[in-house]
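Notes for the one structure printed next.
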Amino acid sequence: MEGTGEMREVGRETLHGGVVQSGSETDEHKGKTIDSEKDGQFRVQPRWRKFLAHVGPGALVAIGFLDPSNLETDMQAGADFKYELLWVILVGMVFALLIQTLAANLGVKTGRHLAELCREEYPRYVNIFLWIIAELAVISDDIPEVLGTAFAFNILLKIPVWAGVILTVFSTLLLLGVQRFGARKLEFIIAAFMFTMAACFFGELSYLRPSAGEVVKGMFVPSLQGKGAAANAIALFGAIITPYNLFLHSALVLSRKTPRSDKSIRAACRYFLIECSLAFIVAFLINVSVVVVAGSICNANNLSPADANTCGDLTLQSTPLLLRNVLGRSSSVVYAVALLASGQSTTISCTFAGQVIMQGFLDMKMKNWVRNLITRVIAIAPSLIVSIVSGPSGAGKLIILSSMILSFELPFALIPLLKFCNSSKKVGPLKESIYTVVIAWILSFALIVVNTYFLVWTYVDWLVHNNLPKYANGLISVVVFALMAAYLVAVVYLTFRKDTVATYVPVPERAQAQAEAGGAPAVDASAADEDQPAPYRKDLADASISAVN
């Protein structure tokens, strides 16, 4: 940091460019005038209307918890360990709600999303590293969407999985084209398909009538029996908590016009918490139902040899087995349509998250179809190779592997988020509760320890049982331990590095900056608690995925 004046200028940039920093001065002045009119309307609205104005971001983030990777890991957990890993879903959802709420709060309190704050705070080489990790997270999450869509095409059209993988390119471009007729209507249709699938699993659950005692025990008594359980638990955690969702959520909230007094900001944070909680409860119940259905059917005493063989290697392709009791012969078609909708709905989130990450870290944007095509082509490469070489079984394992990769990438988005939320240089007096911060840091540290332990355990087990020559094992060991050391060094650097760039601007200075820019009139210190025009982000409000007030 070179000076206090320079730091304040960083904070004022957003205020002087209240609509979009790249817009013209005329557009900025018009945007501020509109914002001032909105502020007066906001203060007199009833609470239920204020709440409805904040609905949307949490629901769009929660859709990511119902994508093909979640379905695959849920089914594998149920088939292999019955109800034993339900506690992982519970802990994962609570943790996800906590950190997604922090991400939303960060956007509301600063007027910037997480990627933009990272660009301002860290040196360029660190930003490039974080950008690459974030892009890998988007690609890792897109692999299950590719394979899920391919499985849906396999079931509907009776084509090989590898051919379905190729078709995902055209299906995604078609989806982005259909969005021109109304993104909100399209998202509603997709959500309807997904809730149809949820209704199917709930119906199957009522038919099976699993033991409530066993379900409760699995949900509240932690247990990990063997390496397979640990791997599946990490995959479950990675499928629930995805790094790109932190960037996405902190950006989505900026499409809402929140007045800038401390009181209004805290109220907006409460509304986003309520909205996010409701969406996450629905997602949690659906994930639990999938695990319980798979666990009940695949661990039944009267399971036929054919069904036992299917359960031994359960994939998205064989899931209709779990819904036969409710849907009968139509189970395949209904499930395939819902799976197709699940994969495509998450594609929308991945595309916009990729835009947010690129704009935030690199200050550049692409057209949606170009951005999506690049991400999809990169994700198709490993999906196509695995589906050709190993078939549906290998594709299913690739989905779980991609979820594990997301879990390992999470600290590089999570640690900056936790630090910024509790930094007076970023949020001023609006820092999070000390209890919230401590809990979040404890859970994050536990996740990092588990990930590191699993890496070491997996490698040592492989080293003991492989048949490679000693010199090959030695060379591989050097590479592996170098990567592990780099991983830990990066985590330690992000954890203990002090913030140096201040972006928070107090309300009186904010009002003075707006007056100097030709916006709202200046106010004195006694009026500091009055609502000031919001740092409204028209670039995010105009994005196809964002909701309209």
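The values are calculated or read from the model by the stated rules, or taken from the named source; none is laboratory data. It should be emphasised that the depicted structure is a prediction, and the values quoted were computed from it without experimental measurement. Methodologically, a virtual Cβ is constructed for each residue, glycine included, from the backbone with ideal geometry; neighbour enumeration extends over all protein chains shown. Please note that ligands, DNA and RNA were not included when accessible areas were found on the heavy atoms of the full protein model with its side chains. Shrake-Rupley method; radii C 1.70, N 1.55, O 1.52, S 1.80 Å.
Considering all projection directions equally, how large on average is the shadow of the alpha-carbon convex hull of region 48-431, in square nanometres? So the Cα hull casts an average projection of 19.1 nm².
Shape summary: region 307-390 maps onto an equivalent ellipsoid whose semi-axes, from the alpha-carbon gyration tensor, are 35, 16, 10 Å in decreasing order. Enumerate the residues in region 289-323 having an amide nitrogen under 14 Å from the point lying 7 Å beyond the Cα of E214 toward its Cβ. Only 291-303 pass the distance filter.
What is the distance, in nm, between label points placed 7 Å from the Cα along the Cα-to-Cβ direction at D262 and at S206? My value for the distance between the label points is 5.0 nm. Grab the other residues whose beta carbon is less than 14 angstrom from that of S423, score K and R as +1, D and E as -1, and report the net. Here the count lands on +4.
Ranked by solvent-accessible area (1.4 Å probe, protein heavy atoms only, all chains present), the residues I448, I128, I374 order from largest to smallest as I374, I128, I448. Other residues within the sphere of radius under 14 Å centred on the Cβ of P144, judged by their own Cβ, net out at -4 (K and R +1, D and E -1).
Of the trypsin sites (Lys or Arg not before Pro) found in region 319-406, those that fall in a DSSP loop while having at most 16 other beta-carbon atoms within 10 Å are K365, K367. Projecting label points 7 angstrom from Cα along Cα→Cβ for I378 and T495 puts them 2.8 nm apart.
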